[in-house]
Amino acid sequence: MVTVKPIVIPSNKRRDGSYLVFIRVYFNGRVRRIPTSVVCRPGDLTRGLRIKSQSVQEQAERIAKRMLDAVSGFTDEQLAGKDVDWVVERMRCADALHNFRLDFFRFADDVIGSKSEGGRCQYVTAINTFAEYLGKREIDINDITKPLLVGFLRWMDGKAFSFANGRISPSKRVRIPMGAESRHLAKLAHIYNKAKDMYNDEDEGLILIPRSPFSTIQVKHPVSRGQKPLDVATM
């Protein structure tokens with residue numbers, strides 16, 4: 001059974017008299033002490049160095065609960081043969097997920113910058129179109145959901161946009177050409193999956209980007225017009 005408890009370590013006293021709060025993790029007869037960012041001032045502690053400040057205790061308890069929640073879903077069979085270091089690593093992964101933020105547009109700029117000049121334009125156009133739909137050029141990657149993308153596709157249908165060489169232009173608005181919706185979505189999906197490849201580590205159980213919102217989107221592809229035969233005069 002895993003137990004967690006906020007503690008103060010007497011030997012960890014700092015120069016100003018304060019103490020850093022640790023979370024004591026106990027599992028299978030072994031203990032690990034994990035430092036937090038919570039600080040106890042001398043007035044926050046009893047003479048026996050127990051936390052008496054309610055606000056400090058609540059901060060520490062929230063961290064301890066989040067750590068415990070990270071492993072509470074494992075069954076006894078899954079925990080069998082594991083040690084305290086394995087438990088702590090799962091807790092660290094959960095904490096990383098809790099604090100993870102990635103601006104999709106900033107990451108997209110890095111991906112687009114690595115493309116050749118010839119292949120860059122369609123990516124820039126897709127990103128600019130997405131930004132115009134959102135009304136901003138900033139979104140956390142984990143806020144990109146299937147409903148958001150469905151709304152994006154509906155919004156593009158029949159719209160006209162102002163792009164020139166992959167950049168937004170104040171004039172010369174033209175309708176999106178046939179098939180551009182699917183191309184835009186494909187470019188966004190490519191950038192999104194690049195982020196998953198970079199930030200997810202399935203072997204370590206570290207999944208910072210858990211969703212796959214592009215995988216089930218149904219896009220209407222334009223009907224092929226086929227080849228138009230030449231008339232006798234043109235031949």
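The values are calculated or read from the model by the stated rules, or taken from the named source; none is laboratory data. None of the values given here were measured: they were computed from a predicted structure. Because the Cβ atoms are built from the backbone with ideal geometry, glycine has one as well, and the counts that use them run over all protein chains shown. To get the accessible areas, we keep the full protein, side chains included, count just its heavy atoms, and leave off ligands, DNA and RNA. Shrake-Rupley method; radii C 1.70, N 1.55, O 1.52, S 1.80 Å.
So residue 101 ticks every box in (1) over 30 Å from residue 184 (Cα atoms); (2) assigned to a loop (DSSP other than H, G, I, E, B) but one. Which box is left unticked?
(1)
Pairs under 9 Å by beta carbon, first residue within 21 Å of residue 193 (Cα to Cα) and open to solvent by 60 Å² or more (accessible area, probe 1.4 Å) in the stretch 206-226, partner of a type in the set (Gly, Ala, Ser) and at pLDDT 85 or above, six or more apart or different chains?
Matching pairs, first to second residue: 215/189.
Inspect the stretch 169-184 for any residue being out of contact with any Ser or Thr (no Cβ under 7 Å at 6 or more places or on another chain) and at pLDDT 85 or above and give the result as yes or no. Walk me through how you get there before you give the answer.
Of all residues in the stretch 169-184, those out of contact with any Ser or Thr (no Cβ under 7 Å at 6 or more places or on another chain) come to 174-183.
Those still in the list that are at pLDDT 85 or above too: 182-183.
Within the stretch 169-184, one or more residues are out of contact with any Ser or Thr (no Cβ under 7 Å at 6 or more places or on another chain) and at pLDDT 85 or above.
Give me a count of the residues in the stretch 120-147 that are open to solvent by 40 Å² or more (accessible area, probe 1.4 Å), within 12 Å of residue 185 (Cβ to Cβ) and modelled with pLDDT of 90 or more.
Result for the stretch 120-147: 2.
Could you grab me the full set of residues in the stretch 80-101 that are over 20 Å from residue 202 (Cβ atoms) and either touching a residue at least 60 places away in the same chain (Cβ under 8 Å) or crowded, with 16+ Cβ neighbours inside 10 Å (or both)?
84 - this is the single residue of the stretch 80-101 that is over 20 Å from residue 202 (Cβ atoms) and either touching a residue at least 60 places away in the same chain (Cβ under 8 Å) or crowded, with 16+ Cβ neighbours inside 10 Å (or both).
Scanning for something of a type in the set (Ser, Thr, Tyr), surrounded by fewer than 11 Cβ atoms within 10 Å (Cβ to Cβ) and more than 22 Å from the chain's Cα centre (by Cα), does the stretch 66-79 turn up at least one residue? Working first, answer last.
Residues of the stretch 66-79 of a type in the set (Ser, Thr, Tyr): 72, 75.
Filter again for surrounded by fewer than 11 Cβ atoms within 10 Å (Cβ to Cβ), leaving 72, 75.
Restricting the remaining residues to those that are more than 22 Å from the chain's Cα centre (by Cα) gives 72, 75.
Yes, some residue in the stretch 66-79 is of a type in the set (Ser, Thr, Tyr), surrounded by fewer than 11 Cβ atoms within 10 Å (Cβ to Cβ) and more than 22 Å from the chain's Cα centre (by Cα).
For the stretch 16-34, give me each residue that is out of contact with any strand residue (DSSP E or B) (no Cβ under 7 Å at 6 or more places or on another chain) and under 23 Å from residue 76 (Cα atoms). Quick ask: steps written out before the conclusion?
In the first step, residues of the stretch 16-34 are kept if they are out of contact with any strand residue (DSSP E or B) (no Cβ under 7 Å at 6 or more places or on another chain); the result is 16-17, 27-30.
The answer is 27, 28, 29, 30.
Would the stretch 102-117 turn up any residue that is surrounded by 14 or more Cβ atoms within 10 Å (Cβ to Cβ) and of a type in the set (S, T, N, Q)?
No, there is no match, as no residue in the stretch 102-117 is surrounded by 14 or more Cβ atoms within 10 Å (Cβ to Cβ) and of a type in the set (S, T, N, Q).
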